[in-house]
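To start, the structure under review is shown below, and the notes come after it.
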Amino acid sequence: MGEAMRMWCPLKRCGRRSEAWRPLAAAATLLLAACGGGDSELLQPLIDLSGPQYRGQEITPERIAELEGALARYQDEIEETVRRQGELAVFYKSLGVAYLEEGMFGLAAETLMKAAAIDATNPVLLYLIGVASAQQALASIDDGVQAGYHGDAEQAYARAIDIDPTYVDALYALAVLLLYEMDRARDAESYIDRVLAAEPGNVDAMFVRAALMAATGRPERAIEQYQVIISTSSSEERRERARQNSIELEARR
């Protein structure tokens with residue numbers, strides 16, 4: 001199947017970012033605010049994790065004072081560690097994208113995964129892991145290694161979509177992966193349908209959907225989709241490709 005244009009890194013939506021991290025950041029801010037403040041309410045999360053209460057024992061005032069002192073002593077170190085980890089994530093992202101641009105897909109996947117270990121709810125980062133993994137799978141001559149990269153790509157795309165269900169690039173990429181690389185046309189259908197629901201004029205997605213229909217024994221639906229491309233696309237090259245694909249399917253019926 002050659003109908004779909006292969007996409008490896010069209011970052012049209014790099015500004016999109018999940019907000020799921022905000023509640024966690026707020027909780028961390030409250031915990032840091034307790035450092036040196038002696039506020040037992042803000043100290044409660046740390047007290048709850050200190051151990052003895054799980055055995056039915058009381059947390060003594062002395063223990064609370066000890067925790068307050070520890071927080072005060074390590075506040076600067078905690079803040080510096082968090083800051084450095086944020087900078088490290090930026091470094092991993094930058095290096096991973098550089099590898100990606102140079103076609104070093106295995107290194108890109110490995111490096112971007114390190115970034116995701118720090119910034120785990122960034123859908124664009126997860127999408128790029130999927131891109132790098134899918135491309136590295138194409139370069140592999142070992143079936144087991146290839147399957148591993150395909151699995152990594154599928155999980156990364158799926159996680160990006162979980163975080164941002166409207167992420168069209170990830171939806172499209174997952175549909176292409178499932179259809180062309182993993183021979184799972186039926187699994188790809190819902191994703192390409194979601195792309196076209198969001199972007200009805202997406203010609204690349206129309207080609208993928210037509211190929212999917214042909215692969216799942218629905219040539220008449222594929223021909224209908226090619227006819228839509230012929231009637232709506234502004235590209236003569238794409239219209240001609242759709243005509244040839246449609247003629248080929250008609251000849252097989």
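The values are calculated or read from the model by the stated rules, or taken from the named source; none is laboratory data. Every value quoted in this text rests on a predicted model; they were computed, and no experiment measured them. Note that we place each Cβ from the backbone using ideal geometry, even for glycine, and neighbour counts take in every protein chain shown.
Return yes or no: is A170 surrounded by fewer than 24 Cβ atoms within 10 Å (Cβ to Cβ), under 25 Å from T216 (Cα atoms) and in contact with a Phe, Trp or Tyr (Cβ under 6 Å, 6 or more places away or on another chain)? Even if it seems obvious, please write down each step before you answer.
On the way: surrounded by fewer than 24 Cβ atoms within 10 Å (Cβ to Cβ): no; under 25 Å from T216 (Cα atoms): yes; in contact with a Phe, Trp or Tyr (Cβ under 6 Å, 6 or more places away or on another chain): yes.
When the stated conditions are applied, A170 does not pass them.
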Residue identified as touching a helix residue (DSSP H, G or I) at 6+ places or on another chain (Cβ under 7 Å) and within 30 Å of M113 (Cα to Cα) among V203, V176 = V176
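Residue under question is V195, and the condition is that it be over 24 Å from T216 (Cα atoms) and either buried (at least 18 other Cβ atoms within 10 Å of the Cβ) or under 14 Å from the mean Cα position of the chain (by Cα) (or both); does it hold? Talk me through it step by step, then tell me what you get.
Details: over 24 Å from T216 (Cα atoms): no; either buried (at least 18 other Cβ atoms within 10 Å of the Cβ) or under 14 Å from the mean Cα position of the chain (by Cα) (or both): yes.
Here the answer is no, as V195 does not meet what is asked.
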Counting only residues that are more than 9 Å from the chain's Cα centre (by Cα) and part of a loop (DSSP other than H, G, I, E, B), how many does the stretch 116-132 have?
-> 4
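In this structure, does R218 turn out to be surrounded by fewer than 22 Cβ atoms within 10 Å (Cβ to Cβ), basic (K, R), touching a residue at least 24 places away in the same chain (Cβ under 8 Å) and over 24 Å from Q135 (Cα atoms)?
Details: surrounded by fewer than 22 Cβ atoms within 10 Å (Cβ to Cβ): yes; basic (K, R): yes; touching a residue at least 24 places away in the same chain (Cβ under 8 Å): no; over 24 Å from Q135 (Cα atoms): yes.
Against the criterion (surrounded by fewer than 22 Cβ atoms within 10 Å (Cβ to Cβ), basic (K, R), touching a residue at least 24 places away in the same chain (Cβ under 8 Å) and over 24 Å from Q135 (Cα atoms)), R218 does not qualify.
Considering only residues that are closer than 20 Å to N202 by Cα and under 31 Å from the mean Cα position of the chain (by Cα), which ones fall in the stretch 216-231? Don't jump to the end; show me each part of the working.
Within the stretch 216-231, the subset closer than 20 Å to N202 by Cα is 221-231.
Matches in the stretch 216-231: R221, A222, Q225, Y226, V228, I229.
Go through D152, D162 for me and flag whichever is surrounded by 19 or more Cβ atoms within 10 Å (Cβ to Cβ), under 20 Å from D187 (Cα atoms) and in the same structural domain as Y191 (by TED's automatic domain parsing).
D152
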